[in-house]
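Undergrad: Sharing a structure with you now.
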Amino acid sequence: MVNRILTHEQIQHTVKRISYQIYEANVDEKEIIIAGIEGGGLNLAKKIAAVLKKITDAQIILCKINMDKKNPLASGVSTSITEEAYKNKSIVLVDDVLNSGTTLIYGVHHFLKTPIKQLKTAVLVNRNHKKYPIKADYKGISLSTSLNEHIRVEFQSKNDAVYLE
């Protein structure tokens with residue numbers, strides 16, 4: 001059984017709300033790094049960055065985070081921008097779904113190796129099955145689902161959707 005949880009319009013409103021929350025927390029910043037975990041996280045990060053560019057004069061820098069989501073410890077974490085580019089900056093780490101917390105915790109760990117000003121996390125869907133002590137600072141929707149259920153996020157031109165399967 002597949003249930004549509006968020007429609008395209010709801011996702012657009014959610015992205016706008018999250019973007020304004022990020023802006024409010026970084027109103028005095030000259031640069032904000034939006035770091036999206038490759039896949040759905042990067043797609044969401046692009047949408048957030050686009051809204052931020054419209055509402056703030058701060059420079060919005062999009063950063064792609066690469067890791068093997070099934071085994072981040074073995075693959076390591078790499079970024080599309082240099083360590084120097086995010087040093088002493090405000091960073092928002094973005095993923096589409098916070099499930100066990102594995103990808104977010106390894107992403108956070110990567111950034112904590114460098115002195116940064118602030119690190120926050122943003123997710124579209126927050127599930128309550130965390131394996132690690134990590135939370136989403138900005139979240140679209142929180143769901144209490146069973147371990148058997150799966151959240152699928154689709155980012156398609158003018159047809160974004162979130163499904164519960």
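Undergrad: Please give the net charge around L124, taking every other residue with its beta carbon less than 13 angstrom from that of L124, where Lys and Arg add +1 and Asp and Glu add -1.
TA: The answer is +3.
Undergrad: Calculate the spin-label point distance for K64 paired with K117, positioning each point 7 Å from the Cα along the beta-carbon direction, and give it in nanometres.
TA: 2.6
Undergrad: With a 1.4 Å probe and all protein chains left in place, how much of the accessible area of the chain comes from carbon and sulfur atoms, in whole percent?
TA: On the way: 4120 of 8530 Å².
Carbon and sulfur together cover 48 percent of it.
Undergrad: Next question. Give me, ordered by chain and number, the residues 5 or more places off G101 or on other chains with an amide H under 5 Å from its own placed amide H.
TA: So G101 has HN proximity to K131.
Undergrad: Oh, and also: So what is the orientation-averaged projected area of the stretch 76-165, using the convex hull of its C-alpha atoms, in nm²?
TA: 6.9
Undergrad: Over the chain, average the accessible area per residue using a 1.4 Å probe and give it in Å², no decimals.
TA: Using a 1.4 Å probe on heavy atoms only, each residue of the chain averages 52 Å².
Undergrad: Now for a separate question. Let me cross-check K117: its accessible surface, 1.4 Å probe, with only protein heavy atoms counted, in Å² to the nearest 10?
TA: Per-residue accessible area (K117): approximately 130 Å².
Undergrad: Give me the number: length gained by fully extending K87 to I55, i.e. 0.36 nm times residue separation minus the C-alpha to C-alpha distance, one decimal in nm.
TA: Roughly 9.1 nm would be gained on extension.
Undergrad: Something else: With θ set to phi - 60°, apply the Karplus curve 6.51 cos²θ - 1.76 cosθ + 1.60 along the stretch 64-73 and write out the HN-Hα couplings as whole Hz, x wherever there is a Gly or Pro.
TA: 3J(HN,Hα) across the stretch 64-73, in whole Hz: 9, 9, 10, 6, 7, 5, 7, 8, x, 5.
Undergrad: Hey, another quick one. Residue by residue, what Karplus-based ³J(HN,Hα) values in Hz, rounded to whole numbers, does the stretch 108-124 have, using 6.51, -1.76 and 1.60 with θ = phi - 60° and x for Gly and Pro?
TA: Those phi angles translate into 4, 4, 4, 6, 6, 7, 10, x, 10, 7, 7, 9, 10, 10, 9, 9, 7 Hz.
Undergrad: I want the antiparallel fraction of DSSP beta bridges within the stretch 6-83, as a percent rounded to 5.
TA: The answer is about 20 percent antiparallel.
Undergrad: If you don't mind, another one. When only the heavy atoms of the protein chains count and the probe is 1.4 Å, how do I55, I18 rank by accessible area, highest first?
TA: Per-residue accessible area, sorted high to low, gives I55, I18.
Undergrad: Tally Lys/Arg at +1 and Asp/Glu at -1 over every other residue whose Cβ is under 11 Å from the Cβ of G101; what's the total? Walk me through the intermediate numbers first.
TA: Numbers: positive: R127, K130, K131, K135; negative: D95.
That sum, taken over residues with Cβ under 11 Å, equals +3.
Undergrad: If you don't mind, another one. Run lengths n ≥ 4 of DSSP H only: what is the helix-derived mean residue ellipticity at 222 nm for the chain, with -39500 (n - 2.57) per run over all residues, to the nearest 500?
TA: -9500 deg cm²/dmol
Undergrad: Ok, one more. Holding the Cα-Cα limit at 27 Å, pick out from K54/K113; K87/K158; K16/K89; K16/K70; K70/K120; K30/K113 the pairs that are longer than that. Please list the in-between numbers first.
TA: Details: K54/K113 31 Å; K87/K158 35 Å; K16/K89 22 Å; K16/K70 30 Å; K70/K120 23 Å; K30/K113 22 Å.
Pairs exceeding the cut-off: K54/K113; K87/K158; K16/K70.
Undergrad: Calculate how many DSSP beta bridges within the stretch 44-135 are antiparallel, expressed in % of all such bridges and rounded to the nearest 5.
TA: 20
Undergrad: Quick one: net charge around E9, please, counting Lys, Arg +1 and Asp, Glu -1 for every other residue with C-beta under 14 Å from its C-beta. Mind showing how you got there, number by number?
TA: On the way: positive: R4, K16, R17, K47, K158; negative: D160.
Around E9, the charge tally is +4.
Undergrad: Give me a comma-separated list of calculated 3J(HN,Hα) values for the stretch 24-32, in order, Karplus coefficients 6.51, -1.76, 1.60 applied at θ = phi - 60°, integers in Hz, x for any Gly or Pro.
TA: Couplings: 4, 6, 10, 4, 9, 7, 8, 9, 10 Hz.
Undergrad: Taking 0.36 nm per intervening residue step and subtracting the Cα-Cα distance, what contour gain separates Q12 from H109 on full extension?
TA: Difference between extended and current length: 32.0 nm.
Undergrad: Taking Rh as the Kirkwood radius, which is the inverse of the mean 1/r over Cα pairs, what is the Rg/Rh value for the chain?
TA: That ratio is 0.95, to two decimals.
The values are calculated or read from the model by the stated rules, or taken from the named source; none is laboratory data. No experiment lies behind these values; they were computed from the predicted model shown. Here Cβ is always computed from backbone atoms with ideal geometry, including for glycine, and neighbour counts include all displayed protein chains. Keep in mind that these areas ignore ligands, DNA and RNA; they rest on the heavy atoms of the full protein, side chains included. Shrake-Rupley method; radii C 1.70, N 1.55, O 1.52, S 1.80 Å.
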